[in-house]
């Protein structure tokens, strides 16, 4: 933790320079989430688990049953989203090529997108998904890293995604391409999508209202703006 105005940070989870699997240790943490009660949730990558950190130790709330693609396992979890009102964790399995929904307190999760243990390029598959995010209506956004695309899964049809940025299987540095995207953020009011385009060493802004060079001028854009306009309408009314 780094307090404002301080020149030094404070270790609040794990042991500096010492990876491990004990409840007071972490091994390659990849993502964090802080809930309204200041509980810290951590995607503990190499331990294949999600832990809730309290003081000097933690509790395993998802996974922790070795690496794998069974409902009670995680496979290199790198992305984490906590739906606090419903007590649900959404977890991206980077090497499992899937998204797991895991309710806090349960002993196993449910695969809601992707094919566990199998990568692919179809609209129902992932190839090393990283970031997972949801909007207020339950629509899910995935940075499908090794497919070089961003996938949108509309609420009620989470099995099949729509590509809203990038070109499936084609990495590149053109304005309409991505190169191993790892993170994203959506400004639902302005209908702007920000993407951490990792191997291009840039942040891409896809603006789906203005036909400017900041966005992409393809049929994909028109499809995405249609989807986002529906989402925006629901949010406003």
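Go through the range 100-113 residue by residue and tally those that are more than 18 Å from residue 35 (Cβ to Cβ), assigned to a strand (DSSP E or B) and without any contact (Cβ under 8 Å) to a residue 40 or more places away in the chain.
Number satisfying all stated conditions: 2.
Find the residue count for the range 176-194, including only residues that are closer than 24 Å to residue 95 by Cα, part of a loop (DSSP other than H, G, I, E, B) and at pLDDT below 95.
Residues meeting the conditions: 0.
Here are the criteria: (1) surrounded by 23 or more Cβ atoms within 10 Å (Cβ to Cβ); (2) over 13 Å from the mean Cα position of the chain (by Cα); (3) free of Cβ contacts under 8 Å to residues at least 40 places away in the same chain. Tell me which single one residue 97 does not satisfy.
Tallying (1) surrounded by 23 or more Cβ atoms within 10 Å (Cβ to Cβ); (2) over 13 Å from the mean Cα position of the chain (by Cα); (3) free of Cβ contacts under 8 Å to residues at least 40 places away in the same chain, residue 97 fails exactly one: (2).
With respect to residue 65, determine if the residue is modelled with pLDDT of 95 or more and part of a loop (DSSP other than H, G, I, E, B).
On the way: modelled with pLDDT of 95 or more: yes; part of a loop (DSSP other than H, G, I, E, B): yes.
Considered against the rule, which asks whether it is modelled with pLDDT of 95 or more and part of a loop (DSSP other than H, G, I, E, B), residue 65 comes out as yes.
For residue 92, all conditions in the list (1) buried (at least 17 other Cβ atoms within 10 Å of the Cβ); (2) in the same structural domain as residue 179 (by TED's automatic domain parsing) hold save one; what is the number of the exception?
Of everything listed in (1) buried (at least 17 other Cβ atoms within 10 Å of the Cβ); (2) in the same structural domain as residue 179 (by TED's automatic domain parsing), residue 92 misses just condition (2).
Pairs, please: C-beta under 9 Å, at least 6 apart or cross-chain, first residue in the same structural domain as residue 179 (by TED's automatic domain parsing) and under 18 Å from residue 187 (Cβ atoms) and in the range 127-151, second modelled with pLDDT of 95 or more and assigned to a loop (DSSP other than H, G, I, E, B)?
What qualifies is 140/161; 142/126; 142/161.
Inside the range 133-152, can you point out the residues that are closer than 14 Å to residue 196 by Cβ and outside any loop (DSSP other than H, G, I, E, B)? Quick ask: steps written out before the conclusion?
So the first thing to find is which residues in the range 133-152 are closer than 14 Å to residue 196 by Cβ, and the list is 133, 141-145, 148-150.
Residues satisfying the conditions are 133, 141, 142, 143, 144, 145, 149, 150.
Condition (residue is touching a helix residue (DSSP H, G or I) at 6+ places or on another chain (Cβ under 8 Å), surrounded by 21 or more Cβ atoms within 10 Å (Cβ to Cβ) and more than 17 Å from residue 45 (Cβ to Cβ)) applied to the range 136-143: is it met by at least one residue? Walk me through how you get there before you give the answer.
Keep residues of the range 136-143 that are touching a helix residue (DSSP H, G or I) at 6+ places or on another chain (Cβ under 8 Å), which gives 136-137, 139.
Remaining after also requiring surrounded by 21 or more Cβ atoms within 10 Å (Cβ to Cβ): 139.
Keeping just the survivors that are more than 17 Å from residue 45 (Cβ to Cβ) gives 139.
Yes, the range 136-143 contains a residue that is touching a helix residue (DSSP H, G or I) at 6+ places or on another chain (Cβ under 8 Å), surrounded by 21 or more Cβ atoms within 10 Å (Cβ to Cβ) and more than 17 Å from residue 45 (Cβ to Cβ).
Have a look at 116, 71, 85 and point out the one that is surrounded by fewer than 22 Cβ atoms within 10 Å (Cβ to Cβ), out of contact with any helix residue (DSSP H, G or I) (no Cβ under 7 Å at 6 or more places or on another chain) and without any contact (Cβ under 8 Å) to a residue 12 or more places away in the chain. Before you say what the answer is, go through the steps one by one.
Numbers: 116 fails: without any contact (Cβ under 8 Å) to a residue 12 or more places away in the chain; 71 fails: without any contact (Cβ under 8 Å) to a residue 12 or more places away in the chain.
Criteria check complete, one pass: 85.
Return the total of residues in the range 1-36 being in a loop (DSSP other than H, G, I, E, B) and out of contact with any helix residue (DSSP H, G or I) (no Cβ under 9 Å at 6 or more places or on another chain). Walk me through how you get there before you give the answer.
Initially, the range 1-36 is screened for residues in a loop (DSSP other than H, G, I, E, B), giving 1-14, 16-17, 19-28, 35-36.
After this cut, where a residue has to be out of contact with any helix residue (DSSP H, G or I) (no Cβ under 9 Å at 6 or more places or on another chain) as well, the list is 1-14, 16-17, 22-24.
Qualifying residue count, the range 1-36: 19.
Name every residue in the range 156-171 that is without any contact (Cβ under 8 Å) to a residue 40 or more places away in the chain and touching a strand residue (DSSP E or B) at 6+ places or on another chain (Cβ under 8 Å), in order of residue number.
Of all residues in the range 156-171, those without any contact (Cβ under 8 Å) to a residue 40 or more places away in the chain come to 156-157, 160, 166-167, 170-171.
Those that are without any contact (Cβ under 8 Å) to a residue 40 or more places away in the chain and touching a strand residue (DSSP E or B) at 6+ places or on another chain (Cβ under 8 Å): 160, 166, 167, 171.
Could you identify the single residue in 124, 168 that is assigned by TED's automatic domain parsing to the domain that holds residue 195, in contact with a helix residue (DSSP H, G or I) (Cβ under 9 Å, 6 or more places away or on another chain) and either crowded, with 24+ Cβ neighbours inside 10 Å or closer than 21 Å to residue 95 by Cβ (or both)?
Details: 124 fails: in contact with a helix residue (DSSP H, G or I) (Cβ under 9 Å, 6 or more places away or on another chain).
Sole residue among the options that is assigned by TED's automatic domain parsing to the domain that holds residue 195, in contact with a helix residue (DSSP H, G or I) (Cβ under 9 Å, 6 or more places away or on another chain) and either crowded, with 24+ Cβ neighbours inside 10 Å or closer than 21 Å to residue 95 by Cβ (or both): 168.
The values are calculated or read from the model by the stated rules, or taken from the named source; none is laboratory data. Since the model is a prediction, treat every value here as computed from it, not as a measurement. Neighbour counts are summed over all protein chains in view; Cβ atoms, including those assigned to glycine, are modelled from backbone coordinates with ideal geometry.
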